[in-house]
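Heads up: the structure comes next, in structure tokens.
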Amino acid sequence: YKTGKIVFRRIKAGSFMMGAPEGAVSYQAGRPLHKVTLTQPFFMELVPMTNHQWSRVSVYSLAANANAHGGVSIDLLMGANWYSTRVIDPSSVVGKIRARSGLNVTIPTEAQWEYACRAGSKGTFTGTDEFFTTEEARSAYYLSAFGVMYKSCTLETTWNKNTNAWGVAGMHTSIATFCQDTQDAVAAADAVDPCTRGTSAGFVLRGPWQWGGGATCHDFPGNAGINHSFNDASTGARLVVMP
């Protein structure tokens, strides 16, 4: 993790049930359970970008931070915002990586993030098909599966042991990362390669929220309007490469 090399995992194309049924913990009416099909395989970054990787391409100033994760020192990305990760501007981090690598680098859509997070699982978390209906049951599973209390998830949480069935690490335990989608309600109907582009000024963050605990497969932080320029120590970037 102290290297400039960015590692990706190939995620196959396929269909899955996105969202959650009514009654599930963290259920959100704007994100009902519905079938989503992703028609193209893609490559998801193994873990969010680190400060070291970020600094090799960016003029943006990020707070230096190195935490010990299970005895492994990982240089975490801190303070990323949507402006610095967006694809449309060649001066952004993603734009510079695209130019240097010649690859179709982007950040994930919300559907891609959830699909990679689930890794074939159908329930509240990767590794289970159960949708938990109480906070107690959710927290008990989280502690058993990921080794930390649900509400104690912080930047110091160990992520190197939390790799899912598709080889992607830290989706529930590392850091919240930006998606391409705006924070508008997703369609309740089945969808193919969806990416919500609505009128909201905010963009979707997916993954653990430092102030609110670990992430489930199906919800995003309950901050109804993460602005383009929003950043703090619990936001980062996880890259995707498309064909």
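For the range 34-59, give me each residue that is more than 16 Å from Arg100 (Cβ to Cβ) and open to solvent by less than 60 Å² (accessible area, probe 1.4 Å).
His34, Val36, Thr37, Leu38, Pro41, Phe42, Met44, Leu46, Val47, Pro48, Thr50, Asn51
If Gly147 passes every condition in (1) more than 24 Å from Met49 (Cα to Cα); (2) free of Cβ contacts under 8 Å to residues at least 60 places away in the same chain but one, which one does it miss?
Answer for Gly147: the failing condition is (1).
For the range 15-32, what are the residues that are at negative phi and of a type in the set (Gly, Ala, Ser)? Before the answer, list the steps.
In the first step, residues of the range 15-32 are kept if they are at negative phi; the result is 15-18, 20-22, 24-25, 27-32.
Across the range 15-32, the qualifying residues are Ser15, Ala20, Ala24, Ala29, Gly30.
Within the range 168-202, track down each residue that is among the charged types (D, E, K, R), in a loop (DSSP other than H, G, I, E, B) and under 23 Å from Met44 (Cα atoms).
Step one: filter the range 168-202 for residues among the charged types (D, E, K, R), giving 181, 184, 190, 193, 197.
Subset that is in a loop (DSSP other than H, G, I, E, B): 184, 190, 193, 197.
Those that are among the charged types (D, E, K, R), in a loop (DSSP other than H, G, I, E, B) and under 23 Å from Met44 (Cα atoms): Asp193, Arg197.
Kindly provide the set of residues from the range 185-206 that are exposed (fewer than 14 other Cβ atoms within 10 Å of the Cβ) and in contact (Cβ under 8 Å) with a residue 40 or more places away in the chain, ordered by number. Please lay out each step first, then the result.
Residues of the range 185-206 exposed (fewer than 14 other Cβ atoms within 10 Å of the Cβ): 185, 187-190, 192-193, 197-199, 201.
Passing the criteria: Ala185, Ala187, Ala188, Ala189, Asp190, Val192, Asp193.
Exactly one of these conditions fails for Leu205: (1) at pLDDT 80 or above; (2) in contact with a Ser or Thr (Cβ under 8 Å, 6 or more places away or on another chain); (3) part of a loop (DSSP other than H, G, I, E, B). Give me its number.
Exception for Leu205: condition (3).
Taking helices (runs of 4 or more DSSP H) that do not extend beyond the range 20-121, which have at least 3 residues that are modelled with pLDDT of 90 or more?
Working: elements: 51-55, 82-85, 93-101, 110-118.
Because the criterion is at least 3 residues that are modelled with pLDDT of 90 or more, the helices (runs of 4 or more DSSP H) in the range 20-121 that meet it are 110-118.
Output the qualifying pairs, or none if there are none: Cβ atoms under 6 angstrom, residues six or more apart or on different chains, first residue in the range 162-174 and in contact (Cβ under 8 Å) with a residue 40 or more places away in the chain, second residue open to solvent by 10 Å² or more (accessible area, probe 1.4 Å) and of a type in the set (Phe, Trp, Tyr).
Going by the 6 Å Cβ cut-off, the qualifying pairs are His172/Phe146; Thr173/Phe146.
Please go through the range 105-127 and give me each residue that is in contact with a His (Cβ under 9 Å, 6 or more places away or on another chain), β-branched (Val, Ile, Thr) and either open to solvent by less than 10 Å² (accessible area, probe 1.4 Å) or over 9 Å from Cys217 (Cβ atoms) (or both), ordered by number.
Thr124
Checking the structure you have, find out if any residue of the range 18-26 is over 24 Å from Trp166 (Cα atoms), of a type outside the set (Val, Ile, Thr), touching a residue at least 24 places away in the same chain (Cβ under 8 Å) and loosely packed, with under 12 Cβ neighbours inside 10 Å.
Yes, the range 18-26 contains a residue that is over 24 Å from Trp166 (Cα atoms), of a type outside the set (Val, Ile, Thr), touching a residue at least 24 places away in the same chain (Cβ under 8 Å) and loosely packed, with under 12 Cβ neighbours inside 10 Å.
Just wondering, is there one or more residues in the range 133-152 that are modelled with pLDDT of 90 or more, of a type in the set (Asp, Glu), part of a helix (DSSP H, G or I) and more than 19 Å from the chain's Cα centre (by Cα)?
Among the residues of the range 133-152, at least one is modelled with pLDDT of 90 or more, of a type in the set (Asp, Glu), part of a helix (DSSP H, G or I) and more than 19 Å from the chain's Cα centre (by Cα), which makes the answer yes.
The values are calculated or read from the model by the stated rules, or taken from the named source; none is laboratory data. Fair warning: this is a prediction, and the values are worked out from it, not measured in the lab. Methodologically, a virtual Cβ is constructed for each residue, glycine included, from the backbone with ideal geometry; neighbour enumeration extends over all protein chains shown. These accessible areas exclude ligands, DNA and RNA; they are computed on the full protein's heavy atoms, side chains included. Shrake-Rupley method; radii C 1.70, N 1.55, O 1.52, S 1.80 Å.
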